[in-house]
1. Inside segment 194-213, can you point out the residues that are more than 18 Å from the chain's Cα centre (by Cα) and buried (at least 17 other Cβ atoms within 10 Å of the Cβ)?
2. As an exercise: evaluate Y85 against (1) on the phi > 0 side of the Ramachandran plot; (2) in contact (Cβ under 8 Å) with a residue 60 or more places away in the chain and give the number of the one condition it does not meet.
3. Between K301, K226, K216, K241, which is outside the structural domain of F73 (by TED's automatic domain parsing), under 30 Å from L37 (Cβ atoms), over 20 Å from the mean Cα position of the chain (by Cα) and in contact (Cβ under 8 Å) with a residue 12 or more places away in the chain?
4. Out of T156, T214, I need the residue that is assigned to a helix (DSSP H, G or I), of a type in the set (S, T, N, Q) and farther than 26 Å from Y292 by Cα. Which one?
5. Of all the residues that make up segment 11-33, how many are out of contact with any helix residue (DSSP H, G or I) (no Cβ under 6 Å at 6 or more places or on another chain) and of a type outside the set (A, V, I, L, M)?
6. What single numbered condition from (1) surrounded by 20 or more Cβ atoms within 10 Å (Cβ to Cβ); (2) part of a helix (DSSP H, G or I); (3) of a type in the set (A, V, I, L, M, F, W, C) fails to hold for F171?
7. Answer yes if at least one residue in segment 73-94 is within 19 Å of the chain's Cα centre (by Cα), not hydrophobic (A, V, I, L, M, F, W, C) and not assigned by TED's automatic domain parsing to the domain that holds S397, and no otherwise.
8. Looking at N68, is it in a loop (DSSP other than H, G, I, E, B), surrounded by fewer than 20 Cβ atoms within 10 Å (Cβ to Cβ), among the polar types (S, T, N, Q) and at pLDDT 95 or above?
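The values are calculated or read from the model by the stated rules, or taken from the named source; none is laboratory data. Everything numeric here is computed off the predicted structure, so don't read it as measured data. With ideal geometry, Cβ positions are generated from the backbone for all residues, glycine too; neighbour counts draw on all protein chains shown.
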Amino acid sequence: MSQPAWNSPVVKWIDERLPIFTLLHHSTSGYPTPKNLNYWWNFGSLAGFMLVVLIATGIVLAMQYQPNAALAFDSVERIMRDVNYGWLLRYLHMNGGSMFFLAVYIHIFRGLYYGSYKRPRELLWWLGVVILLLMMATAFMGYVLPWGQMSFWAATVITNLFSAFPGVGRFIVHWLWGGFAVDNATLNRFYALHYLLPFVILGVVVLHLWALHTTKSNNPLGIDAKGQQDTIPFHPYYTVKDNFGIGVFLIVYLGFVFFAPNFFGEPDNYIPANPLQTPPHIVPEWYFLPFYAILRSIPDKLTGVLATFLSILVLFVLPWLDFSRVRSATFRPLYKKAFWLLVVDVGVLGYVGANPPEGGFLVMGRIATAYYFLHWFILVPLIALFERPRPLPVSISQPVLGGGLAAAAANPMEKA
């Protein structure tokens, strides 16, 4: 790693003793990035931006929140009404969770489309899935903290799922509760973990970036960069692009915060938790709805719980299910069609999860669930086996300098 020449004597003095500026230089200005990254690559930095916003607002909210079953609901109302700009902090935090999941889900689907999970980026992909699992745990525990009707009953329903496991299920449930019912001990445990896990996520994000800078970024063509002709420095080219993306993203994010702050929420959560009155329809946050639909579409409780976990854990083995050597769906016509069918299927699952499990919604949920697992375990391997991908360019620069993909056909190609 070459040592940059620093003009500032203060920076030079610090860097000689703690090379933090050299590390930052090699992670930004000195980091060679494929020159053809599009705006779908913005969502990784947007997710990082939202993580910082959530941690900052969460720390301030924690100073006013009371993790006590008798005081939690009123403390949230006090934050909203009496704390200076407490309403703004809470709405930034509450809607920020949805924006965080939105950015991460788009980031994941972008990775699926462009094959960012394939060799040599398997560990990078795994770390991303770990981040998703930690996000889900953090978001679920945060949803419980306002201690409204939907918070209480969501905690009761979701934690009771673990009772489906034979032998150890009831022990796990009581351990999660801290007793024999969802009560004060449960709220304290969830509050402590909700505060802790974002810092764990931040640590895994550092590992994720480390793995990214080791294996280098993928790109829309899915081919490796060949020397300086295919790369540009991350700064200033992509920092400018990321800043533009953050500006557009903030318009959407703050639009919800100021004009529709409860768009993603449930009215029942503004009613204090009542263990004696079950809401007519328990609905999780929107980012859990596809998994909730899978859970409810299977009649057997244990099978439903296992299928719900499997729907996420399958991402860990995806690099081996899709063994095609061509990464990008741009050159894989069959895989591209299957990808968009998966996007539609996940949307259908989300719609079903938001509605009662009865009648047509139940049938629709079972069909969508069956297709979801069919996609991963049947279609993806079969497509990898039988598909004939389109020819690949020999370099990232060729589609631009050589007249596009049509001109690429006249040159030697890599083939799957």
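1. Passing the criteria: only Y195.
2. Y85 satisfies every listed condition except (2).
3. Going through K301, K226, K216, K241 in turn, the sole match is K226.
4. T214
5. Restricting attention to segment 11-33, the residues satisfying the condition of being out of contact with any helix residue (DSSP H, G or I) (no Cβ under 6 Å at 6 or more places or on another chain) are 12-14, 16-20, 23-27, 30, 32.
The next check asks that each one be of a type outside the set (A, V, I, L, M); those that pass are 12-13, 16-17, 19, 25-27, 30, 32.
Residues flagged as out of contact with any helix residue (DSSP H, G or I) (no Cβ under 6 Å at 6 or more places or on another chain) and of a type outside the set (A, V, I, L, M) within segment 11-33 amount to 10.
6. Of (1) surrounded by 20 or more Cβ atoms within 10 Å (Cβ to Cβ); (2) part of a helix (DSSP H, G or I); (3) of a type in the set (A, V, I, L, M, F, W, C), only one is false for F171: (1).
7. Checked against the condition, which is being within 19 Å of the chain's Cα centre (by Cα), not hydrophobic (A, V, I, L, M, F, W, C) and not assigned by TED's automatic domain parsing to the domain that holds S397, segment 73-94 yields at least one hit.
8. yes
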